[in-house]
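No value in this document is a laboratory result; all are computed from the given coordinates. Predicted, not measured: the structure shown is a model, and the values here were computed from it. Here the Cβ positions follow ideal geometry from the backbone for every residue, glycine too, while neighbour counts run over all protein chains shown.
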Amino acid sequence: MITKQAWTNQRETGSPQVSVKMNRRSLIGGALAALYLGPVARGASALHDPFILLLQGIYQPVVPGSGPPSNLGLTSVNLNDGTYAVTKIYPIFGIPGDPMASIGKFYVQLTGNLCAYDLPGGAMVMQFVNGSGAAVQRNFGYATIVPDGAGGFYLKGTFELTIQEATGVYSSFVGGHNHMVANTHQLADGNLDEYCFCHISGKGQ
């Protein structure tokens, strides 16, 4: 995840000059095929391990002090400190809910490495653990950057996260893993429109 200023700096230093017309909706099949690793039933009535979520929508800043009440009961993050942005979460596999209706919120630090999931029955805190090699730093973690032809960019890449804290029905997932497949759209106005699949598994999965 990147800030508008960070992306402005990246554009000034050069980026791939490839023009490709992309339909983000068409990516769902390939992304799910890459993520689906177990017999998880869509529309199940109980939480499974692993399960898959979709992060979708334009990120909105969380103004200091306007974060979720009681900080979602979490102790390892402060969602009210002004460093987070938020978008919506949709269920895909292994977790109850209509895939067309949001079931929660995803909070992420735009200048840090922490994020939080606000979900039915509990919450989770995760930390990005991607490597710090030159290629990762140059592209802010995204493996591919493609101009959208309208002044913005499509950012594609994978991210690895560890689950540091979890409450409620997700408590057993502490120490587990999240494999993200992100197709983020950097709009011409600097906003980030997320489209990211999260494959979340417990420790040992």
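Tell me the label-point distance for the pair residue 144, residue 189, using the 7 Å Cα-to-Cβ offset, in nm and rounded to one decimal.
In this crude spin-label approximation the distance works out to 2.8 nm.
Using every pair of alpha-carbon atoms in the range 62-136, split the distances into 5 Å bins beginning at 0 and state the percent of pairs per bin, rounded to integers.
3, 15, 24, 22, 15, 13, 6, 2, 0
Just tell me which aspartates and glutamates come within less than 20 Å, Cα to Cα, of residue 156; anything on the same chain fewer than 8 places away is out.
Partners found: 12, 148, 189, 193, 194.
Obtain the nm distance between the two label points defined at residue 58 and residue 172 by a simple spin-label model: each point lies 7 Å from its Cα along the Cα-to-C-beta direction.
4.1
With a 10 Å Cβ neighbour count serving as the proxy for reagent exposure, in which order, fewest first, do 89, 145, 52 appear?
If I rank by nearby Cβ atoms, fewest first, I get 145, 89, 52.
What does the net charge come to around residue 103 if you take all other residues with beta carbon closer than 10 Å to its beta carbon, with K and R at +1 and D and E at -1?
Charge balance near residue 103 sits at 0.
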